[in-house]
Amino acid sequence: MDDWYEAGRLTAKVRDYGKKLIKENIKLIDVTENIEKFTLDNNINLAFPIQLSINEIAAHYAAFVNDDIIFKKNDLIKLDIGVCVNGAIGDSAVSVGIGNKWDKLISASEIALNEAIKIVKDGITLGEIGKTIEDAIHKTGFKPIRNLSGHGLNLFMVHNGINIPNYDTKESFKLKEGMVIAIEPFATTGDGLVKDGKDSDIFRLLTKKNVRDINARKLSNYIWEEKKTLPFSKRELLKKFSEYEVNIGLRNLINAGILHSYKHLIEKTNGIVSQTEHSVLIKKDRCEILTI
Ligand code: CO
């Protein structure tokens, strides 16, 4: 269990460091590189690329190569951080407003997370957690995003197949003592659904399988060594391989069916989205926040 506590503690450290860097007129890629340098200097392994999703983009935005996005007044930025310690994963997100315009929307997801944490323990059903989050967000006048959810965490798996819903799904599946889950309410001014947007240039290897193409093989060997099945960005591959190797290699891995490509997730009605997330350990009569 020690690795899970350590992963949580380091996730919080990186998240809190990164949060302070998000300011008006600062470039998204500069914040990303600054946080990456901080993790290198402190020997911290990221579990997935640093995500900085703005306004109606709910999730999965990571800096592109030569990204030119700049944080502007009245932007709402979600910073989502994952850290991996020997396979154990911490996952946590905060929302940051440039100015005060979205303070109420940000507190909606914070309140919902706090309410959920109060009730989560051994034997709680997924439906009960979802209902608590939905009720808390509705009370603030916003809507939860129904097709985004938290998730159970396993070794080297950011998502182990258990969804922690953000609305009342009535699911009767019960959480058990010893499980680690990420709870992440999303609140929005929109209708409360996301759709796929553009390619994010974030990928995940689905399995280790031999591929014919030399570029694909080189990439998959490297990814398996460094990341296993954790998500990674094209940007980080370009630090090790040529653009040709990366482009051909990624395409062949996708064609071979062993690479998942993530899309940006956009609120369908272009509503602004806030998100707050902690990883917690389920205990007999409560849960313990790990990313604190
Ligand atoms: Co998460």
Subject >> 2 or more residues of a type in the set (V, I, T): qualifying strands (runs of 3 or more DSSP E) within region 126-228 >> reply: 180-183, 194-205
**OP:** Can you work out which of the residues in region 56-95 that are acidic (D, E) and surrounded by fewer than 22 Cβ atoms within 10 Å (Cβ to Cβ) is nearest to the ligand (Cβ to nearest atom)?
**Re:** E56
Subject >> Filter result (aliphatic (A, V, I, L, M) and surrounded by fewer than 24 Cβ atoms within 10 Å (Cβ to Cβ)) within region 273-292 >> reply: L281, I282, I289, I292
Original post:
Are any residues in region 155-174 surrounded by fewer than 18 Cβ atoms within 10 Å (Cβ to Cβ), among the polar types (S, T, N, Q) and either closer than 17 Å to D80 by Cα or away from the ligand (no atom under 13 Å from the Cβ) (or both), and if so, which ones?
Top reply: S172
**OP:** Determine which member of the set I133, I98, I181 is within 12 Å of the ligand (Cβ to nearest atom) and either open to solvent by less than 50 Å² (accessible area, probe 1.4 Å) or over 12 Å from Q275 (Cβ atoms) (or both).
**Re:** I181
Original post:
Between a first residue in region 166-193 that is in the same structural domain as G150 (by TED's automatic domain parsing) and a second residue that is among the aromatic types (F, W, Y) and surrounded by 14 or more Cβ atoms within 10 Å (Cβ to Cβ), which pairs have beta carbons less than 7 Å apart while being 6 or more apart in sequence or on different chains?
Top reply: N166/F186; V180/W4; A187/F142; T188/F142; T189/F142
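Quick grid of which residues meet (1) over 18 Å from S53 (Cβ atoms); (2) among the basic types (K, R); (3) open to solvent by less than 10 Å² (accessible area, probe 1.4 Å); (4) in contact with a Gly (Cβ under 6 Å, 6 or more places away or on another chain):
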| site | (1), (2), (3), (4) |
| --- | --- |
| I145 | no, no, yes, yes |
| K176 | yes, yes, no, no |
| L193 | no, no, no, no |
| K208 | yes, yes, no, no |
Original post:
Restricting attention to region 101-125, and to residues there that are of a type in the set (A, V, I, L, M) and open to solvent by less than 10 Å² (accessible area, probe 1.4 Å), which single residue is nearest to R286 (Cα to Cα)?
Top reply: V120
Subject >> Set L265, L237: member being away from the ligand (no atom under 16 Å from the Cβ), at pLDDT 95 or above and not aromatic (F, W, Y) >> reply: L237
Subject >> Members of region 259-291 found to be of a type in the set (A, V, I, L, M) and either over 16 Å from the mean Cα position of the chain (by Cα) or more than 18 Å from G82 (Cβ to Cβ) (or both), listed by number >> reply: L259, I266, I272, V273, L281, I282, I289
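The values are calculated or read from the model by the stated rules, or taken from the named source; none is laboratory data. Nothing here was measured: the structure is a model prediction, and the numbers come from that model. Virtual Cβ from ideal backbone geometry, glycine too; neighbours counted across all protein chains shown. In case anyone asks, the SASA skips ligands and DNA or RNA and just uses the protein heavy atoms, side chains included. Shrake-Rupley method; radii C 1.70, N 1.55, O 1.52, S 1.80 Å.
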